[in-house]
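Novice: What follows is a single structure, and I will ask about it in a moment.
The values are calculated or read from the model by the stated rules, or taken from the named source; none is laboratory data. Being a predicted model, the structure only gives us computed values, none of them experimental. For neighbour counting, all protein chains shown are included, and Cβ atoms are generated from backbone atoms with ideal geometry for every residue, glycine included.
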Amino acid sequence: MTQPSCPQNNYLKRIIVVVEEPSLRVSIVNHLMLEGYTVTGVDSALDFYLQFFREPYLIAIIDNELPDQSGLVVAEYARKNTDIRIITLSEPLTSTTVPANIKAGADLNLIKPVNFRLLSAYVKTLLSRIEP
């Protein structure tokens with residue numbers, strides 16, 4: 001299920017959020033839109049791939065637990081095929097989760113439930129490292 005993007009078409013602030021859980025996905029999308037970003041929310045790996053080829057994104061926020069494919073596979077695909085920045089969302093991190101996220105290409109990892117102040121800081125930091 002794809003949610004509409006913010007009407008603003010600003011490539012420099014485009015983010016895609018891949019989270020199955022509707023309340024979390026909508027909360028992240030709304031929070032980032034309030035921060036001024038152009039955000040698209042999708043609920044599956046398939047929807048991510050479909051949207052990913054339609055529009056360019058600078059950041060992907062990907063839940064490790066998706067209904068149709070591991071979020072780590074999605075992150076790895078995105079990392080190998082683009083220079084997109086990736087934030088992964090995980091249940092409490094373990095000694096095996098962190099290396100798996102890094103190996104898949106995550107720039108940063110967040111633990112669910114998401115701390116929105118930290119998410120905003122991560123997004124701002126990642127965008128500041130991208131050359132215009």
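Novice: Restricting the first residue to the range 43-55 and requiring it to be closer than 14 Å to residue 15 by Cβ and among the acidic types (Asp, Glu), which pairs with a second residue that is part of a loop (DSSP other than H, G, I, E, B) and modelled with pLDDT under 95 meet a Cβ separation below 9 Å and a spacing of at least six or different chains?
Specialist: 55/5; 55/9
Novice: Same structure, new question: Could we say that residue 79 is without any contact (Cβ under 8 Å) to a residue 60 or more places away in the chain, basic (Lys, Arg) and buried (at least 22 other Cβ atoms within 10 Å of the Cβ) here? Steps first, answer last, please.
Specialist: Details: without any contact (Cβ under 8 Å) to a residue 60 or more places away in the chain: yes; basic (Lys, Arg): yes; buried (at least 22 other Cβ atoms within 10 Å of the Cβ): no.
The answer is no for residue 79.
Novice: Restricting to the range 28-64, name every residue that is of a type in the set (D, E, K, R), touching a strand residue (DSSP E or B) at 6+ places or on another chain (Cβ under 8 Å) and surrounded by fewer than 18 Cβ atoms within 10 Å (Cβ to Cβ).
Specialist: 55
Novice: Residue 113 passes all but one of (1) over 13 Å from the mean Cα position of the chain (by Cα); (2) closer than 16 Å to residue 27 by Cα; (3) of a type outside the set (A, V, I, L, M, F, W, C); (4) assigned to a helix (DSSP H, G or I); which number fails?
Specialist: Answer for residue 113: the failing condition is (4).
Novice: In this structure, is residue 91 of a type outside the set (A, V, I, L, M, F, W, C), loosely packed, with under 14 Cβ neighbours inside 10 Å, at negative phi and out of contact with any Phe, Trp or Tyr (no Cβ under 9 Å at 6 or more places or on another chain)?
Specialist: Criteria met by residue 91.
Novice: Among the residues of the range 95-112, what is the count of those that are loosely packed, with under 15 Cβ neighbours inside 10 Å and either more than 24 Å from residue 35 (Cβ to Cβ) or in contact (Cβ under 8 Å) with a residue 40 or more places away in the chain (or both)?
Specialist: Summing the residues that are loosely packed, with under 15 Cβ neighbours inside 10 Å and either more than 24 Å from residue 35 (Cβ to Cβ) or in contact (Cβ under 8 Å) with a residue 40 or more places away in the chain (or both) in the range 95-112 gives 6.
Novice: Another question, then. Which of the residues belonging to the range 83-95 are at pLDDT 85 or above and either charged (D, E, K, R) or farther than 21 Å from residue 29 by Cβ (or both)?
Specialist: Across the range 83-95, the qualifying residues are 83, 85, 91.
Novice: Let me ask something else. Do the conditions hold for residue 29, that is, is it assigned to a strand (DSSP E or B) and modelled with pLDDT of 95 or more?
Specialist: Criteria not met by residue 29.
Novice: So, one more: Among the residues of the range 46-61, how many are in contact with a helix residue (DSSP H, G or I) (Cβ under 8 Å, 6 or more places away or on another chain), assigned to a helix (DSSP H, G or I) and under 16 Å from residue 24 (Cβ atoms)?
Specialist: 1
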